[in-house]
Amino acid sequence: MAIFFFFVAVAGLVYFQTDLFRLASPKRGLSGLVSVRGSVSLERLALSEQEIGIINQAVAQYRDTFSKVDLIVDTVGHVDKITPNTVLVFAVELQTNGDLVVKSWSRKVPRANIVSQLVGYMGKAAGEYKEFKRFPDVKQNFKILYI
């Protein structure tokens, strides 16, 4: 009988002290280095946990190059609800660890493609910025690098 109560106590301890039996996992948040500006808020974008994970992974991968990531997202006209097919105006500003900002030109992108566009742009911008840093005499004359 004592062994039975011991197992019940251990099972209760495991149940209350761990998330082993919880049905819903806690939501993962977007990295603190990422901000969303423009007429479309982060909440309206309704990023999935998988998309948040992809963005956070890209931010972590390039954190030695970029200290801040700003997404500027606007709608084309009046939009009540954003769906994966909603076309949005999308631009990115990447603050480097120096005093230079790498910016993208605004482009129209369906909501479903925003995360892949962001991650692709960050990779391209990191490569271009690395090349740009090779020329210190040019670097000191620029504050913004458009890619």
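The values are calculated or read from the model by the stated rules, or taken from the named source; none is laboratory data. Keep in mind that this is a model prediction, so the values were computed, not measured. When we count neighbours, we look across all protein chains shown, and the Cβ atoms used for this are built from the backbone with ideal geometry, even at glycine. Please note that ligands, DNA and RNA were not included when accessible areas were found on the heavy atoms of the full protein model with its side chains. Shrake-Rupley method; radii C 1.70, N 1.55, O 1.52, S 1.80 Å.
Rounded, prolate or oblate: which one fits the chain, using the alpha carbon gyration tensor with axes a ≥ b ≥ c (rounded when a/c is under 1.5, else prolate when a/b beats b/c, else oblate)?
Verdict is oblate for the chain.
Taking the Cβ of residue 147 as the centre, find all other residues whose Cβ is under 10 Å away and add up their charges (Lys, Arg: +1; Asp, Glu: -1).
Net of charged neighbours comes to +1.
Determine the percent antiparallel among the DSSP beta bridges restricted to the chain, to the nearest 5. Can you show the working numbers first?
On the way: 16 of 23 bridges.
If we restrict to bridges inside the chain, about 70 percent are antiparallel.
In deg cm²/dmol and to the nearest 500, what is the mean residue ellipticity at 222 nm of the chain if only DSSP H runs of at least 4 residues count, each as -39500 (n - 2.57), divided by the residue total?
Calculated from helices alone, the mean residue ellipticity at 222 nm is -11500 deg cm²/dmol.
Using the heavy atoms of the protein chains and a 1.4 angstrom probe, tell me the accessible area per residue for the chain in square angstrom.
About 66 Å² of surface per residue is accessible.
Would you work out what percent of the accessible area of the chain, with all protein chains in place, is carbon or sulfur (probe 1.4 Å)?
C and S fraction of accessible area: 58 percent.
Considering only 91, 11, 112, give the residue with the highest GNM mean-square fluctuation for the chain, with springs between Cα atoms whenever their separation is below 10 Å.
11
Work out from phi, with θ = phi - 60° and the Karplus expression 6.51 cos²θ - 1.76 cosθ + 1.60, the ³J(HN,Hα) of each residue of segment 81-94, listed in order in whole Hz, and give x for Gly and Pro.
3J(HN,Hα) across segment 81-94, in whole Hz: 10, 8, 10, x, 8, 5, 7, 10, 8, 10, 9, 10, 10, 10.
Take the residue pairs 81/103; 68/103; 103/143; 68/143; 108/130 and return only those whose Cα atoms are more than 19 Å apart.
As for pairs spanning more than 19 Å Cα to Cα, those are 81/103; 108/130.
Counting other Cβ atoms within 10 Å, which trypsin sites (Lys or Arg not before Pro) in segment 60-144 have at most 10 and lie in a DSSP loop?
81, 134, 143
Say we join alpha carbon atoms closer than 10 Å with springs in a Gaussian network model of the chain; which of 90, 66, 135 then has the biggest fluctuation?
Of 90, 66, 135, the most mobile in the Gaussian network model is 135.
Give me the dipole magnitude in Debye, nearest 20, for the chain about the Cα centre, with unit charges on the beta carbon: positive for Lys and Arg, negative for Asp and Glu. Walk me through the intermediate numbers first.
On the way: 18 positive and 13 negative charges, 46 e Å.
In total the dipole reaches around 220 debye.
First measure r as the distance between the Cβ atoms of residue 74 and residue 135, then evaluate 1/(1 + (r/R0)^6) with R0 = 25 Å and state the FRET efficiency to the nearest 0.05.
Approximately 0.15, to the nearest 0.05.
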